[in-house]
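Colleague: Handing you a structure now.
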Amino acid sequence: MSAALTIRARPLSAAAFAPFGDVLEASGQPDKVINEGLCDRFHDRARMDFGPGGRAGISIFRATSRALPYACGMLERHPEGSQAFVPMMDLAWLVIVAPDAGGRPGEPLAFLPSPGQGVNLLRNTWHGVLTPLAEPAIFAVIDRIGDTPNLEEFFLSEPVVVTS
Ligand SMILES: NC(=O)N[C@@H](O)C(=O)O
Ligand code: NI
């Protein structure tokens, strides 16, 4: 019986997350200063994609918190569109992603966003479902609205255990 894979969650960084998506944050120099100089605009910072036959939508997720160490038993992906998660309050949450390895998830990575960070997952990127580590956990989710399921799930033979 193989031992369950254990991975350590690391602070979220744009560089480490880049193959999987974008970190949504007020980072670096603003692209524009607007509103009579009273607002910095960090312009167009996500690689969004909703494919033919779909459109962008904003939904609100109210999720149940989990705890570390967290056993992740399923990774999913959305073949027809990107998916962004923007917390609407300051809370700890977990982002699990994985490269594709021949149509199934490869070794996952786990990230802990800092306050002020959201994520945009690229289309067809393997990820764990929204995983807050506190409650209340309210998120704005920007993803594809369409008539197809836009969902592929992969159930792991052994859960991946995420530690802090
Ligand atoms: N199913 C759904 O709307 N949410 C998931 O895609 C998720 O990543 O949480
Ligand atoms: Ni998803």
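Colleague: Quick one: Cα centre-to-centre distance for segment 33-68 and segment 85-107, in angstrom?
Modeller: 16
Colleague: Between Glu153 and Arg10, what length comes free when the chain is fully extended (0.36 nm per residue of separation minus the Cα-Cα distance, one decimal in nm)?
Modeller: Fully extending the segment from Glu153 to Arg10 adds 49.1 nm.
Colleague: Given a 1.4 Å probe, how much area per residue of segment 5-163 is accessible, in Å²?
Modeller: Accessible area per residue: 52 Å².
Colleague: In addition: Tell me, what % of the accessible area of the chain is carbon and sulfur with a 1.4 angstrom probe?
Modeller: 54
Colleague: Applying the Karplus parametrisation 6.51 cos²θ - 1.76 cosθ + 1.60 with θ = phi - 60° to the phi angles of segment 142-151, what ³J(HN,Hα) value in whole Hz is obtained for each residue in order, glycine and proline being reported as x?
Modeller: Values, residue by residue: 10, 8, 7, 9, x, 8, 9, x, 6, 8 Hz.
Colleague: Could you please report the charge total around Pro149, scoring K, R as +1 and D, E as -1 over all other residues with beta-carbon less than 14 angstrom from its beta-carbon?
Modeller: Here the charged neighbours net out to -4.
The values are calculated or read from the model by the stated rules, or taken from the named source; none is laboratory data. Quick caveat, the model's predicted, so the values are computed rather than measured. Don't worry about glycine lacking a Cβ; one is built from the backbone with ideal geometry, like all the others, and counts go over all protein chains shown. Note: accessible area is taken over every heavy atom of the protein model, side chains too, but ligands, DNA and RNA are not part of it. Shrake-Rupley method; radii C 1.70, N 1.55, O 1.52, S 1.80 Å.
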